[in-house]
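J.: This is the structure I have questions about; it appears just below.
The values are calculated or read from the model by the stated rules, or taken from the named source; none is laboratory data. Predicted model, so just to flag it, every value in this text is computed and none were measured. Please note: Cβ atoms are built from the backbone with ideal geometry, for glycine as well, and neighbour counts cover all protein chains shown. Please note that ligands, DNA and RNA were not included when accessible areas were found on the heavy atoms of the full protein model with its side chains. Shrake-Rupley method; radii C 1.70, N 1.55, O 1.52, S 1.80 Å.
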Amino acid sequence: MTSPVDPNDVMMTGENSFIRYSPDSGKTQTDRVSHWRVLWCPAGAGHALFAKSTLTGGAVRIWSDNAPVAPAAFARSGGADTRAAELVTAKDAEILLSWEDFLAPFVLNMPPGSDGRPIGVFSTFFPAKAARISLNGRVAAGTPYAEKRGERDSTSACLAWSETWVKPKG
């Protein structure tokens, strides 16, 4: 009988939702944001937002509720049934990310060794046909583009919830 327990060591679990805009279906990216909500990892729980956008002048900006990057508070509203949003409030910035008009959700299953990667990830993706990035009231121009993930229809803007990263045991 095969064990129902994954044999790998858990590195972290939480969320890693993202939005990417591109004028050429992903060959180049004009805007890229990645929001991490870590529920558990050995270093502790917390949030981080990575942004490289036309709104940041192409510079990388990182906000977190953990030192040593720019401090911020994080709040989620809504859900994958209609519209989900993440509001990040910092001393010098208010960032609002939103996702809506969802495709059917699916589970991404990439154990260690998949696609040549040493670590693995399992996540429930909710691909959004519409997503928005705003910084201090300015909105990035762009829309998500269609992508395939295996045989499933997806986009470049996904809520990636119930995400767990693993490494081979030992």
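J.: Do any residues in the range 1-24 that are closer than 9 Å to VAL166 by Cα have Cβ atoms under 7 Å from those of residues that are of a type in the set (Gly, Ala, Ser) and open to solvent by less than 60 Å² (accessible area, probe 1.4 Å), where the two are at least six apart or on different chains, and which pairs are they?
T.: ASN8/GLY120
J.: Is there a residue in the range 63-73 that is farther than 18 Å from ARG37 by Cα, out of contact with any helix residue (DSSP H, G or I) (no Cβ under 6 Å at 6 or more places or on another chain) and either buried (at least 17 other Cβ atoms within 10 Å of the Cβ) or not acidic (Asp, Glu) (or both)?
T.: No: zero hits.
J.: Sort through PRO112, PRO118 and tell me the only one that's farther than 19 Å from LYS52 by Cα, of a type outside the set (Gly, Ala, Ser), open to solvent by less than 60 Å² (accessible area, probe 1.4 Å) and not in a helix (DSSP H, G or I).
T.: PRO112
J.: Follow-up. Among the candidates ALA140, ALA130, which residue alone is in contact with a helix residue (DSSP H, G or I) (Cβ under 6 Å, 6 or more places away or on another chain) and either at pLDDT 95 or above or under 19 Å from ASN16 (Cβ atoms) (or both)?
T.: Result: ALA140 is the single residue among ALA140, ALA130 that is in contact with a helix residue (DSSP H, G or I) (Cβ under 6 Å, 6 or more places away or on another chain) and either at pLDDT 95 or above or under 19 Å from ASN16 (Cβ atoms) (or both).
J.: Got a sec? Which of GLU163, GLU100 is touching a residue at least 60 places away in the same chain (Cβ under 8 Å) and of a type in the set (Asp, Glu)?
T.: Exactly one residue qualifies, and that residue is GLU163.
J.: Those residues that are touching a strand residue (DSSP E or B) at 6+ places or on another chain (Cβ under 7 Å) and open to solvent by 10 Å² or more (accessible area, probe 1.4 Å), I need them from the range 96-108; list them, please.
T.: LEU96, GLU100, ASP101, PHE102, LEU103, PRO105, PHE106, VAL107, LEU108
J.: Select from the range 26-58 the residues that are surrounded by 15 or more Cβ atoms within 10 Å (Cβ to Cβ), among the small types (Gly, Ala, Ser) and touching a residue at least 40 places away in the same chain (Cβ under 8 Å) and write down the one among them that is nearest to ALA141 (Cα to Cα).
T.: Restricting to residues being surrounded by 15 or more Cβ atoms within 10 Å (Cβ to Cβ), among the small types (Gly, Ala, Ser) and touching a residue at least 40 places away in the same chain (Cβ under 8 Å), the top hit is SER53.
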